[in-house]
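A short worksheet on the structure shown next.
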Amino acid sequence: MAMADLYPQIFKRKSIRNYDLTPLEDGVLENIIEEINNLEPLYADIKVDFKIISQNDVNPRMMKKAPHYIAVFSENKEGYKTNVGFMLQQMDIFFSANGLGSCWQGIPKTKKNVLESSNLEFVILMAFGKANIPLHRTSTLEFKRKPLPQITDIRNKGSVGALLEAARLAPSATNSQPWFFKGNNHVIHAYVVKPNIFRAIMLKKYIMIDMGIVIYHLKLASEHFGKTSQIIFDETADENSPHGYEYVASLKIE
Ligand SMILES: Cc1cc2nc3c(=O)[nH]c(=O)nc-3n(C[C@H](O)[C@H](O)[C@H](O)COP(=O)(O)O)c2cc1C
């Protein structure tokens, strides 16, 4: 499987919800396991466990089945959902680059045997397999996303503009796009919306995963443009959160 620049996938990927249910060949699954073993964490001190499980181990609820799923388990520690989002989005992009479909799955649940197979907390599933529909978008106009001015107040965009566009296109649960970005060409501060009481129950479960996903898109884009990037905690950014948002982390770009 190819290990090229993954950045172009940001502009093509989409959630696949219709699969050929034939299991993938063993060699393909082995490559996927190898990729999982090499995922980069956002927070290396949080224990995680990724398992490939079959369609028989999942109760799809109202969703169509997929031939395979990745089940993610994690230690429940500060930042754990953001870490899972950051890591599993690497797989979403990897699948897209290697001709396979995938979809984050918050609604389907694993069966009890899977839950009992790890001593860490179950976090989320990702479906994957051969797509029964076209795998890629052909234009960014096909993405239903907020326009940039709604997700950032960085106006003098310079080289940071392309990074923000990569963030804008990131997937999120129910497509809520709960993010906001402040900063400049050297640092991007990421904030998450404080959901109002009506949306809180549903959104709260996933918005920190969404933040990990979007931070991965920022990082992938910055690496594509030959920059080194580092995820940091910036106290000043924390103190200057926009109204209705909470600070998550910053991407320092050099
Ligand atoms: C954390 C998370 C959970 C999701 N759960 C589901 C789900 O249960 N069912 C589903 O069909 N899509 C699910 N999605 C996919 C989103 O609906 C999708 O990413 C979003 O609408 C944007 O569309 P796109 O991925 O095609 O660009 C989930 C996405 C995320 C990030």
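Results, tabulated for the structure shown:
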{"read-out": "Meets criteria (aliphatic (A, V, I, L, M) and either in contact (Cβ under 8 Å) with a residue 60 or more places away in the chain or away from the ligand (no atom under 15 Å from the Cβ) (or both)) for residue 72", "value": "no"}
{"read-out": "Out of 95, 86, sole residue that is within 16 Å of the ligand (Cβ to nearest atom), within 15 Å of residue 212 (Cβ to Cβ) and among the aromatic types (Phe, Trp, Tyr)", "value": "86"}
{"read-out": "Unique residue being surrounded by fewer than 16 Cβ atoms within 10 Å (Cβ to Cβ) and hydrophobic (A, V, I, L, M, F, W, C) when the list is 141, 164, 125, 135", "value": "141"}
{"read-out": "Within the stretch 29-44, considering residues that are free of Cβ contacts under 8 Å to residues at least 24 places away in the same chain and not acidic (Asp, Glu), the one surrounded by the most Cβ atoms within 10 Å (Cβ to Cβ)", "value": "33"}
{"read-out": "Count of residues meeting criterion [in contact (Cβ under 8 Å) with a residue 24 or more places away in the chain and not in a loop (DSSP other than H, G, I, E, B)] in the stretch 116-144", "value": "12"}
{"read-out": "Checking residue 204 against (1) surrounded by 14 or more Cβ atoms within 10 Å (Cβ to Cβ); (2) touching a Pro at 6+ places or on another chain (Cβ under 8 Å), the condition it does not meet", "value": "(1)"}
{"read-out": "Which listed residue, of 21, 42, is modelled with pLDDT of 95 or more, more than 16 Å from the ligand (Cβ to nearest atom) and in contact with a strand residue (DSSP E or B) (Cβ under 8 Å, 6 or more places away or on another chain)", "value": "21"}
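The values are calculated or read from the model by the stated rules, or taken from the named source; none is laboratory data. On a predicted model such as this, the values are computed, not experimentally measured, just so you know. Every residue, glycine as well, gets a Cβ built from its backbone with ideal geometry; the counts of neighbours run over all protein chains shown.
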